[in-house]
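Remarks on the structure that follows.
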Amino acid sequence: MAEELNIMVAGAAGQGMQTIGFVLGKILVRGGCEVFAVQDNESRIRGGHNFFHIRAGRKPVMASAMPLQVLVALNQESIEKHRDEVEPRGIIVFDSDKCTVPQGDDRLLGLPLEQMAVDKGGNRLFENSVAIGAVLAIVGWEFKRLEDFLEGYFATKADTAAGNVKAARAGYQWALERATKYEALQIDFAPSEPKMFITGHEAVALGALASACQFMSAYPMSPSTSILTYLAGKADDFDMVVEQAEDEIAAVNMAIGASYGGLRSLTATSGGGFSLMTEAFGLAGVMEVPLVVVEAQRPGPATGLPTRTEQGDLLFVLHASQGEFPRAILAPGTAGQAFYATIKAFDLAEKYQIPVAILTDQFLADSYFTEPRFDLSRVSMERHLLTEEEARGAKGYKRYLVTESGISPRSIPSAFGLEVAADGHEHDEYGHITEDREMRRRMVDKRFRKMKSLAREIASPRLMGHPKAELLLVGWGSIYGPLAEAVGILNRRGIPVGGAHLDELWPFPSEALSRILQGARRWAVVENNCTGQLARLIQMEIQMKPDRAILKYDGRPFTAAEIVEGFTGEMEEK
């Protein structure tokens with residue numbers, strides 16, 4: 001029996017890798033496995049080469065790993081590209097009618113996927129189910145688990161469900177008769193408490209719903225689009241308006257308008273779209289209108305690599321828009337972190353009347369995580385709006401009243417008969433335009449006084465690994481999973497290493513990180529970018545320089561093995 005399996009489904013765009021991968025992942029999670037899955041897609045509608053990589057084990061898994069034990073190759077190119085990644089005891093499932101394979105390779109298991117789908121299921125589109133059935137036989141699980149899933153998945157389409165079940169059964173039987181020699185690839189079925197198989201952006205969307213977000217406007221841009229489509233599908237059930245705007249400028253200004261009118265509002269985009277949003281980002285800053293923006297990073301500049309990943313926008317978002325104004329930046333590393341970070345983002349935005357950016361990236365957005373059900377008891381909602389009692393006691397409402405905390409009483413238009421003014425210009429306490437020197441200084445100081453209490457809301461870096469380690473790896477955002485696994489690998493090798501992960505980046509947790517770094521003899525940053533943007537931020541804020549930067553910027557996410565390789569040598573020798 002295997003403790004862990006790496007399964008890859010590879011083919012051309014449009015062949016259904018995501019469907020096969022999602023169904024397999026879901027069934028494995030229901031069978032008690034911990035599953036992590038990453039998608040690798042080329043930027044084209046059809047053709048090209050894509051794959052869906054599943055890692056399943058009995059223990060938590062949070063990153064991809066190699067070698068492969070099972071490869072489902074849906075075309076010839078997939079065999080040629082990934083055959084060498086399959087370990088000697090592994091298996092390559094392929095369409096025997098469409099692929100030419102070398103003789104003498106015992107790992108090859110060919111079956112006529114499309115023909116079996118037509119013969120047994122009545123539709124060539126069911127070839128994915130044939131492949132899923134074959135894999136389920138290889139890992140040693142009962143067909144009933146797949147049958148139950150397919151019938152539930154296509155519950156409203158009885159004919160489709162029946163066809164898929166027949167096709168899957170054919171693939172299952174075919175592999176079962178030939179899979180006895182693959183006992184080493186079988187993995188225990190061990191029922192456990194129900195868990196979710198969920199992507200990072202699905203978690204963001206659920207966090208928005210849990211936060212009672214009622215308005216989202218966005219222009220589709222990979223990899224942020226998944227939030228827009230998910231929420232659009234739930235809009236009617238949650239009394240929410242989801243608007244596809246004509247461009248990013250319109251999208252962010254719609255969100256600001258909805259927030260000004262009293263709704264919790266969200267917009268989402270990628271770096272190119274956020275470039276268009278930056279002026280409005282500043283508008284929210286000077287208007288002190290709550291705004292939550294998801295900035296889903298992808299490699300730039302310009303169009304860059306639109307379907308791949310990078311952590312290249314940290315300093316851009318930190319400095320986005322002209323002038324100076326308070327903001328907060330959160331950078332979750334898992335689906336669970338993304339859910340709770342979204343809830344916190346809405347609360348911070350309203351409590352401090354600021355724009356809040358959630359930095360995700362393609363790796364976090366599209367990867368599937370195994371997560372326990374989210375704890376809704378941790379969700380509490382405080383709108384931080386002027387109450388009726390406070391409104392009655394106010395002697396002349398001042399939307400931008402200068403206060404010691406920097407936070408002014410916020411009322412929404414039409415509430416309590418108060419006049420609510422706002423402007424993109426500098427303004428006085430009533431919201432009216434002013435160029436008065438003293439008022440300008442007082443307004444800037446008022447806004448920045450929020451930073452003192454806002455900084456206290458920012459969590460300290462998450463620590464992992466050896467508690468007294470003198471060697472430390474520091475990362476942020478989606479690097480969490482590979483970083484945690486790398487720290488675990490090094491410690492199991494007898495190298496005492498600690499890890500620090502920042503999922504809340506601004507206001508910068510200076511005191512907490514200073515204490516952590518002062519306890520390290522040597523430390524390195526791990527980042528999915530070319531220039532070490534976190535390292536530069538650390539130097540700017542606490543004047544500490546890393547001994548090494550482990551960087552990757554080829555558009556692909558880190559694996560734990562790559563971080564270990566980057567660490568080994570210089571870091572442990574000195």
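The values are calculated or read from the model by the stated rules, or taken from the named source; none is laboratory data. Being a predicted model, the structure only gives us computed values, none of them experimental. Using ideal geometry, Cβ is built from the backbone for each residue, glycine included, and neighbour counts are taken over all protein chains shown. Note: areas computed on protein heavy atoms with side chains; ligands, DNA, RNA excluded. Shrake-Rupley method; radii C 1.70, N 1.55, O 1.52, S 1.80 Å.
Things worth noting here:
- Residues that are surrounded by 22 or more Cβ atoms within 10 Å (Cβ to Cβ) and under 19 Å from the mean Cα position of the chain (by Cα) were ranked within the stretch 19-28; the one that is farthest from S222 (Cα to Cα) is G25.
- Taking the criterion of being under 12 Å from the mean Cα position of the chain (by Cα), under 17 Å from F363 (Cα atoms) and not aliphatic (A, V, I, L, M), the residues of the stretch 312-343 that qualify are P332, G333, T334, G336, Q337, F339.
- Count of residues meeting criterion [acidic (D, E) and modelled with pLDDT of 95 or more] in the stretch 376-404: 1
- Residue within the stretch 247-257 that is open to solvent by less than 10 Å² (accessible area, probe 1.4 Å) and in contact with a Pro (Cβ under 7 Å, 6 or more places away or on another chain) present: no
- Of the helices (runs of 4 or more DSSP H) lying entirely inside the stretch 94-190, those carrying at least 1 residues that are touching a strand residue (DSSP E or B) at 6+ places or on another chain (Cβ under 7 Å) are 113-116, 127-138, 158-176.
- Number of residues in the stretch 202-222 that are open to solvent by 10 Å² or more (accessible area, probe 1.4 Å) and closer than 19 Å to Q297 by Cβ equals 5.
- Pair list, Cβ < 6 Å and 6+ apart or interchain, from the stretch 333-362 residues that are touching a residue at least 40 places away in the same chain (Cβ under 8 Å) and closer than 24 Å to L463 by Cβ to residues that are outside any helix (DSSP H, G or I) and among the acidic types (D, E): G333/D503; A335/E371; G336/E371; Q337/D503; L359/E295
- The residue list G257, G285, G262 contains one member that is assigned to a loop (DSSP other than H, G, I, E, B) and over 30 Å from V526 (Cα atoms), which is G262.
- Count of the stretch 475-511 residues, restricted to those that are open to solvent by less than 10 Å² (accessible area, probe 1.4 Å) and assigned to a helix (DSSP H, G or I), is 9.
- Filtered by the rule that a residue be among the charged types (D, E, K, R) and either open to solvent by 70 Å² or more (accessible area, probe 1.4 Å) or under 24 Å from the mean Cα position of the chain (by Cα) (or both), the stretch 525-546 gives E527, R536, K545.
- With a requirement of 2 or more residues that are at positive phi, the strands (runs of 3 or more DSSP E) lying completely within the stretch 1-58 that satisfy it span 47-57.
- The residues on offer are E127, E147, and the sole one that is of a type in the set (D, E, K, R) and either open to solvent by 40 Å² or more (accessible area, probe 1.4 Å) or without any contact (Cβ under 8 Å) to a residue 40 or more places away in the chain (or both) is E147.
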